[in-house]
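The structure appears right after this line, and notes come after that.
Every read-out reported here was derived from the displayed coordinates using simple, explicitly stated rules and does not represent laboratory data. Note that the coordinates shown come from a computational prediction; the quantities given were computed from them, not determined experimentally. Please note: Cβ atoms are built from the backbone with ideal geometry, for glycine as well, and neighbour counts cover all protein chains shown.
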Amino acid sequence: MSGLTAAEQQCHNLNDLKAGKYQGYKRLQLVEGLSEFPEEILSLSDTLEVLDLSNNLLSELPDSFVQLKNLKVLFLSFNQFKVFPDVLGKCLNLDMVGFKSNQIESISETALPKNLRWLILTDNRLTQLPQSFGQLSQLKKLALAGNKLSSIPESFTQCKQLELVRLSANELTSVPAGLFKLPKLAWLALSGNPLVGEHKAHSGIAQYEQQDIVLNEQIGQGASGVIYKGKLHNAETDIAIKVFKGGKTSDGYPEDELSACLTAGQHENLIKTFAHISEQDFLALLMDLIPKGYENLGLPPSYETCTRDTFVEGTQFSIETISNITKQLADVLTHLHNQQVSHGDFYAHNTMINEQGHVMFGDFGAATQLHNLSEIQQQQFERIEVRAFGNLLDDLLTQSQLNESKNSTLAKLISLRDACLNDNITLRPNFADIKVLLAG
């Protein structure tokens, strides 16, 4: 959140809170093994907008919590909640709530704040959602991966502002048909559910054992694993090795990411994966190193943008550059959907570009393999990803150079963006159509 002082952005302590040293603060963060909610926090009710009590031992909130009338953002991840606190339903200004990695089993019909934009419930024990979910008319971003959901209420389809939904690693055998038709939905992850079925076989791809590799320095890290520079034994060439973390991640199961990446196959705009290690306690992908000179096209969303990427201040793209980027991305997305893979996290911040304008794309953590879904569902998944393409194109156009307003290529890109963002998914083009439009 913007507008915070350096003192507000750091981690705070309970003794200073009790001494009144944080009066007037908009943000407070306490990590002190708390098992009870410190009532002294309520003294900040006139100003407090962001409260982070993650990484404590909390299991409930007092009814007096409602006194935090200006609170917008609440993080309670890595605590011990078993029930989503009812009092939050009375906190009308809350628009972002995070309960990742608790033990939440239930949410009552009145517990969810009505004005939520962003809800994180990853890695809990939910078996069902309340029917009142449909009342969350402002909800844009929903993370529910790693629960025990066997069904989704029909009311879910009333959340017309939903743009990003993570439902991986649950127990879903079906979802409401209306989910695929939500007008704003652009990022959907469903892997690791019975609905999606078994992985494809990858018999033609090289497989090694852990003893065959050497890990050297760490060169990257994501939600699902750590990337090292390394080598195969008895080989000179440096390679990239992604070693997956155990268990569930914020996107789902590591096995699903590995399988989707292998299914994606080879393409000049995909980071090349040439082998894997699939042992009981060790999963890894072996990839070519990305050549020097590539940088991220964009930055991840902020609190303010919620679902949309951000960019380094002052970033500008020429219309020629945008056209070049979109042609490459349309080509690689056509390839992925021909391979029956939906990427699920198609963003500028997952895209890399060099000075020559060549694009590299990767990160299959939120990917869903579509081969066991019906043809209609596969087409719907593609049209959902087409909207993500439209969002990225819109972001690039927003960063475009203003002196090119009469450019004919610009007019074509604007028309394409509008088609991709059509609220009626049946009226959006598919990626093969987009390739033809961009080539014309």
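Which percent, nearest 5, of DSSP beta bridges in the chain are antiparallel?
Expressed as a percentage, antiparallel bridges in the chain total about 55.
Quick query: amide H of Leu149 versus all other amide H atoms, modeled in the peptide plane; which residues come in under 5 Å with a sequence gap of 5 or more or a different chain?
Under 5 Å from the amide H of Leu149: Glu171.
Which entries of Lys184/Lys412; Lys141/Lys181; Lys82/Lys184; Lys69/Lys114 show an alpha-carbon separation above 20 angstrom in the structure shown? Please list the in-between numbers first.
Numbers: Lys184/Lys412 22 Å; Lys141/Lys181 16 Å; Lys82/Lys184 32 Å; Lys69/Lys114 14 Å.
From the list (Lys184/Lys412; Lys141/Lys181; Lys82/Lys184; Lys69/Lys114), the Cα-Cα distance tops 20 Å for Lys184/Lys412; Lys82/Lys184.
Just grab the label-to-label distance for Asp63 and Glu313, each label 7 Å out from Cα along the Cβ direction, in nm (one decimal).
That separation, rounded to one decimal, is 4.7 nm.
Please report the equivalent ellipsoid semi-axes of region 295-439, computed as sqrt(5 x eigenvalue) of the Cα gyration tensor, largest first, in whole Å.
Working: eigenvalues 117, 62, 41 Å².
Square roots of five times the eigenvalues give 24, 18, 14 Å.
Please give the Cα centre distance for region 46-115 versus region 214-232, rounded to the nearest Å.
36 Å
Figure the gain on full extension for Gln128 and His358 (residue separation times 0.36 nm, minus the Cα-Cα span) and round it to one decimal in nm. Before the final figure, lay out each step's value.
Numbers: separation 230, 0.36 × 230 = 82.80 nm, distance 4.47 nm.
Once the chain is fully extended between Gln128 and His358, it gains 78.3 nm.
Over the chain, what is the mean sequence separation of C-alpha contacts under 8 Å (at least six apart), divided by residue count, expressed as relative contact order in percent?
10 percent
Taking the square root of 5 times each eigenvalue of the Cα gyration tensor, what semi-axes in Å does the equivalent ellipsoid of region 206-287 have, largest first? List each step's numbers first, then the result.
Working: eigenvalues 70, 46, 32 Å².
Working through the eigenvalues yields semi-axes of 19, 15, 13 Å.
Once you've got the Cα coordinates, tell me which of Lys200/Lys435; Lys21/Lys72; Lys272/Lys435; Lys18/Lys160; Lys160/Lys245; Lys100/Lys435 are over 32 Å apart. Before the final figure, lay out each step's value.
Details: Lys200/Lys435 27 Å; Lys21/Lys72 22 Å; Lys272/Lys435 22 Å; Lys18/Lys160 43 Å; Lys160/Lys245 34 Å; Lys100/Lys435 39 Å.
Violating the 32 Å Cα-Cα cut-off are Lys18/Lys160; Lys160/Lys245; Lys100/Lys435.
Before anything else, pin down the relative contact order of region 344-408: Cα pairs under 8 Å, at least 6 apart, normalised by residue count, whole percent.
Numbers: 29 pairs, mean separation 20.4, N = 65.
Relative CO of region 344-408 lands at 31 percent.
List, in order, the whole-Hz ³J(HN,Hα) value for each residue of region 299-312 obtained from phi through the Karplus relation with A = 6.51, B = -1.76, C = 1.60 and θ = phi - 60°; use x for Gly and Pro.
10, x, x, 9, 4, 5, 7, 6, 10, 10, 5, 10, 9, 4
Within region 259-346, report the GluC sites (Glu not before Pro) that DSSP leaves as loop and that have at most 15 other Cβ atoms within 10 Å.
Values: sites: Glu268, Glu279, Glu295, Glu304, Glu313, Glu320; in loops: Glu268, Glu304, Glu313.
Answer in residue order: Glu268, Glu304, Glu313.
In nm, what is the difference between 0.36 nm times the number of residues separating Lys82 and Asp281 and their Cα-Cα distance? Show your work: numbers first, answer last.
Details: separation 199, 0.36 × 199 = 71.64 nm, distance 2.94 nm.
Length gained, Lys82 through Asp281: 68.7 nm.
Using modelled backbone amide H atoms (1.01 Å from N, in-plane), which distant-in-sequence or interchain residues come within less than 5 Å of Ser106's amide H?
Here Phe84 satisfy the definition.
May I ask you to list the residues of region 48-65 whose amide nitrogen lies under 15 Å from a point 7 Å from Cα along the Cα→beta-carbon direction of Cys11?
Counting backbone N atoms under 15 Å from the label point, the list is 52-57.
Among the GluC sites (Glu not before Pro) within region 326-416, which fall in a DSSP loop and have no more than 10 other Cβ atoms within 10 Å of their own Cβ?
Numbers: sites: Glu355, Glu375, Glu382, Glu385, Glu404; in loops: Glu355.
When the GluC sites (Glu not before Pro) of region 326-416 are filtered for loop state and at most 10 Cβ neighbours within 10 Å, Glu355 remain.
Pop out the ³J(HN,Hα) list for region 240-246 in order, Karplus 6.51 cos²θ - 1.76 cosθ + 1.60 with θ = phi - 60°, rounded to Hz; leave Gly and Pro as x.
9, 10, 8, 9, 7, 6, x
In whole Å, how far is the Cα centre of region 129-195 from that of region 275-296?
30 Å
Length gain on complete extension for the stretch Ser203 to Gln221, per 0.36 nm per residue less the alpha carbon to alpha carbon distance?
Details: separation 18, 0.36 × 18 = 6.48 nm, distance 2.80 nm.
Residue separation times 0.36 nm, minus the Cα-Cα distance, leaves 3.7 nm.
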